[in-house]
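Laboratory data are not the source of any read-out in this text; all were calculated from the coordinates shown. Nothing here was measured: the structure is a model prediction, and the numbers come from that model. Positions of Cβ are generated from backbone atoms using ideal geometry, with glycine treated the same way; all protein chains shown enter the neighbour counts.
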Amino acid sequence: HGYFTYDPGFVSTASCESEITYIDGANGVLLHRGFPIEQLATHSNHTEMSYLLLNGEIPDKEAYETFRNSVSRHTMVHEQIVNFFKGFRRDAHPMAVLCGVAGALSAFYHDNLDITQEHDRQVSAIRLIAKMPTLAAMCYKYNIGQPFAYPRNDLDYAENFLYMMFSNPCEEYEINPVAAKAMDRIFMLHADHEQNASTSTVRLAGSTGANPFACISAGIAALWGPAHGGANEAVLNMLAEIGDESEENIQHFVDRAKDKQDAFRLMGFGHRVYRNFDPRARVMKETCDEVLEELGMGDDPQLKIAKRLEQIALEDDYFIERKLYPNVDFYSGIILRALGIPKNMFTVIFAVARTTGWISHWNEMITNGTRIGRPRQLYKGYTQRDYPDQQ
Ligand code: CMC
């Protein structure tokens, strides 16, 4: 009675059992359903990985085709969703818009949805995976004032996303295979990361039996902050603020990050679970080098600043003692910028990718049966007192 563990920030509390993703933070290991992220990033694609996260196995050819076709068939959003976009100021942050329109999907898929049925859960998952790139690209188009582009189901997941982002009715759009491959890899590297803040949010919302589309909207809200998915945008802001590549200047910013009186932190550095290299950051760095080279941007000044910053920090006692290493978002922003994606869209792209993880966790939780998530607190306020007698 009255006894429970106090664990602010949940640093040592396991909130559930899961078979989806394993992280060994001390050794920098990330496995999805047992497969190392490095192998998946090299041999798989986002669609196959979505199947894996959701269903537990790499699909055979037939299962893959069926899954791919189902995702393709569900890429369009209801035309009435356009009205939701029109309610926003055109300069609204795309994450604000995405939160709203993803949540609005719950209005379209609610009355006939029975989440206790495996079939309904699968269809919801497929709808979400299929529609998020469409909504994300619509956020961008609305923001820049161009007409929305309908999805093209002959294209792969990442190709279709780039097509909806960058095509317009006035000219032929040619997909750059280097860009599509990089985009797909960014989706894969962000697809799932066990019980992070946004996934825990989706699980907590889902534990009440709420509509899954509304739960995903809760996850998008949690992802937005700079300590979580907002870090990729924050990294580019930081690199722009650092500005010049001189050694003294970069050192100055590293020193600022160490100063506890200064709010400045190295964005894209540090992680709650990894006390070693984030394995996703290694793959991201390689991808970044490849993409910039192939796009003829190998001399990019921000890439140079990022690399030198990383080097200086990794050799600095402050970062060594605290085991702070680059995380997945240190290099992802540089790739996205090279693909022509503006930085206010970076976290939106993270949300598209993470939808797969969110909905896989939601599905696992509902399948296994769960109690409502309901943390306790350590009450520090007044004990009982009387209402003041004021004349
Ligand atoms: N720059 C400078 N100092 C840092 C940084 C940083 N980026 N990250 C942590 N520290 C220091 C922190 O001040 C503390 O020092 P001390 O022990 O002297 O008080 C120590 O390292 C431990 O940090 P913490 O804040 O207790 O760690 P946490 O687990 O609560 O926070 C984090 C983890 C990711 C929020 C934090 O490292 C951070 O703010 N990083 C920058 C933002 C970022 O890149 N976030 C993306 C995370 S990966 C993508 C995702 O999955 O969302």
| Under 5 Å between amide H atoms, partner at least 5 residues away or on a different chain: which partners does Val29 have, H built in plane at 1.01 Å? | Asp24
| Karplus couplings for region 198-204 from phi (6.51 cos²θ - 1.76 cosθ + 1.60, θ = phi - 60°), rounded to Hz, Gly and Pro as x? | 6, 5, 4, 5, 4, 5, 5
| For region 221-234, what does the Karplus curve 6.51 cos²θ - 1.76 cosθ + 1.60, with θ = phi - 60°, yield as ³J(HN,Hα) per residue in whole Hz, taken in order and with x for Gly and Pro? | 4, 5, 6, 4, x, x, 6, 10, x, x, 5, 5, 5, 5
| Using a ≥ b ≥ c from the Cα gyration tensor of region 231-338 (square roots of the eigenvalues), is it rounded, prolate or oblate, where a/c under 1.5 gives rounded and otherwise the larger of a/b and b/c decides, a/b for prolate? | oblate
| For Phe269, distant residues with modelled amide H under 5 Å away | Asn327
| So what's the back-of-envelope 222 nm ellipticity for the chain, counting only DSSP H runs of four-plus at -39500 (n - 2.57) apiece and dividing by all residues, rounded to 500? | -17500 deg cm²/dmol
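For the pair Glu79 and Asp316, what calculated FRET efficiency results from E = 1/(1 + (r/R0)^6), where r is the Cβ-Cβ distance and R0 = 56 Å, to the nearest 0.05?
So the FRET efficiency works out to roughly 0.55.
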| remark: The base-10 log of I(q)/I(0) that the Debye equation returns for region 1-95 at q = 0.11, 0.15, 0.18 Å⁻¹, one scatterer per C-alpha, is -0.65, -0.89, -0.94
| said: In whole Hz and in residue order, list the ³J(HN,Hα) couplings for region 150-167 that follow from phi through the Karplus curve 6.51 cos²θ - 1.76 cosθ + 1.60, θ = phi - 60°; x for Gly and Pro. | reply: 5, x, 10, 7, 7, 8, 6, 3, 6, 4, 4, 4, 5, 4, 5, 6, 10, 7
| field | Dipole of the chain, positive direction: furthest Cα of Met345, Ser246, Tyr325, with charges on the beta-carbon | value | Met345
| field | Fluctuation leader among Ser198, Ser207, Ser12 - the chain, Gaussian network, Cα springs under 10 angstrom | value | Ser12
| query | Rounded to a whole number, what is D in µm²/s for the chain from Stokes-Einstein with the Kirkwood radius over alpha-carbon pairs (4 °C, 1.567 mPa s)? | reply | 58 µm²/s
| message | At 0.36 nm per residue, and after removing the present C-alpha to C-alpha distance, how many nm does the segment from Val178 to Glu248 gain when stretched out fully? | response | 21.7 nm
| field | Cβ-based exposure ranking for His271, His252, His74, His119, in which fewest neighbours within 10 Å come first | value | His119, His252, His74, His271
| query | Say a paramagnetic label sat at a point 7 Å from the Cα of Asp111, along Cα to Cβ; which residues of region 56-96 have their backbone N under 20 Å from it? | reply | 77-84
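So for Lys141, Lys304, fewest C-beta neighbours within 10 Å to most, what's the order?
Going from sparsest to densest Cβ surroundings: Lys304, Lys141.
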| message | Counting other C-beta atoms within 10 Å, and keeping those with at most 12, which DSSP coil trypsin sites (Lys or Arg not before Pro) do you find in region 45-105? | response | Arg89, Arg90
| If each of Ser15 and Asn153 carries a label point 7 Å out from its Cα toward its Cβ, how far apart are those two points in nm? | 3.6 nm
| Relative exposure of Cys16, Cys215, Cys170, Cys99, judged by other C-beta atoms within 10 Å (fewest first) | Cys170, Cys16, Cys99, Cys215
| task | Could you check which residue among Glu17, Glu290, Glu159 shows the biggest mean-square fluctuation in a GNM of the chain with a 10 Å Cα cutoff? | result | Glu17
